[in-house]
1. For the range 72-179, compute Rh as the Kirkwood radius over C-alpha pairs and then the Stokes-Einstein diffusion coefficient at 37 °C and 0.692 mPa s; write the answer in µm²/s, rounded to an integer.
2. Please report, in whole Å, how far the alpha carbons of the chain spread along each principal axis, starting with the longest.
3. Taking the Cβ of residue 176 as the centre, find all other residues whose Cβ is under 10 Å away and add up their charges (Lys, Arg: +1; Asp, Glu: -1).
4. Report the FRET efficiency, 1/(1 + (r/R0)^6), for residue 152 and residue 128, where r is their Cβ-Cβ distance and R0 is 25 Å, rounded to 0.05.
5. How high is the relative contact order of the chain? Use alpha-carbon pairs under 8 Å, at least six apart in sequence, and give a whole percent.
6. Report the net charge of residues surrounding residue 126, where surrounding means a beta-carbon distance below 12 angstrom and charges are Lys +1, Arg +1, Asp -1, Glu -1.
7. Loop only per DSSP, at most 15 neighbouring Cβ atoms within 10 Å: give me the trypsin sites (Lys or Arg not before Pro) in the range 131-198, ordered by residue number.
8. Taking the simple approach of a point 7 Å from Cα along Cα-to-Cβ for both residue 80 and residue 204, what is their distance in nm?
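Laboratory data are not the source of any read-out in this text; all were calculated from the coordinates shown. On a predicted model such as this, the values are computed, not experimentally measured, just so you know. We place every Cβ from the backbone using ideal geometry, glycine too, and count neighbours over all the protein chains shown.
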Amino acid sequence: MRDNIRTKYHMYITATGTTPTKPNVSWELPYQANLRCDAELTTPGCVFSDIRASLKYSLSDPKHAAASAAYSFAQGRLRDWAPLTRADGLSTANWKRTCEEGSSDPFVLMYDEVPGDTCDEFPFAGSLEGGTDGALCADIIPRYEDGAWWIYPARTDKPFTYEEPFVRAHVSGEANSSAGGKYGALVKSVRILDIEKYNVSVIE
C-alpha cells in the first residue's frame, strides 16, 4: 500500500496591538516534489519519491574496496554512470544467467589469484539491467597496486573490449557480501521500491 502527497504550507502571523496587512502566507516547496508514504518494506515510512536514491561506494573502504573498483570500471567505462532499476525478484534467475549454469560461459573461480574468490556482477543481479549472459561480460580482476586500484582481464582468452554491457569481477566473498549489504541497507533506509531507479557512484 502506498500514497502520494504534495506538501503545502500555511503560516498565520499575529502581533498584539497591530493590524496585519497580510495576516497569512502560503507556500509550496521550490519544486513540485511528491511525498510518498508506503508500508511495502520492513517498516512503514515516507520519502520524497522524485529524488532519486544514490548508492555510494568507496575505493577506500577496506571491506569492499575491490567491489567498488569493479563497479567504478563498469559504470565509468561501460555504462556512462547510468542508473539501475530495483528488481530483487529477478536476483536468482539473473545470477544463474550471469555467473552459474544459466550462462553459456560459466564463471570459473580463481582462488590462486583471489583468495575467497566469488563472482561479483554489475549491473547487480537484483536489477532489471542485470542478467546478461556471462559470455558477453568483461571478466575482470581488480588489483590494488602502487596506491591505486587497477583493472585487469581475468582470462587471456577473453580480453575486454570496453564495449561489453556487463562485468563479472573476481572479488573475495567478504567484499562481495559487504557491498551487497550496503545496497540492502540503502533499499530500507531510503525506501527504494520495486521498479524504482537509483544511482550508483564510486568515490575515493
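1. Rounded, D is 235 µm²/s.
2. 85, 40, 29
3. Numbers: positive: none; negative: 117, 120, 121, 174.
Computed value for this residue: -4.
4. The formula returns an efficiency of 0.30 here.
5. Computed value for the chain: 27 percent relative contact order.
6. Numbers: positive: 86; negative: 88, 121, 129, 194.
Overall, the nearby charge balance is -3.
7. 155
8. It is 2.7 nm.
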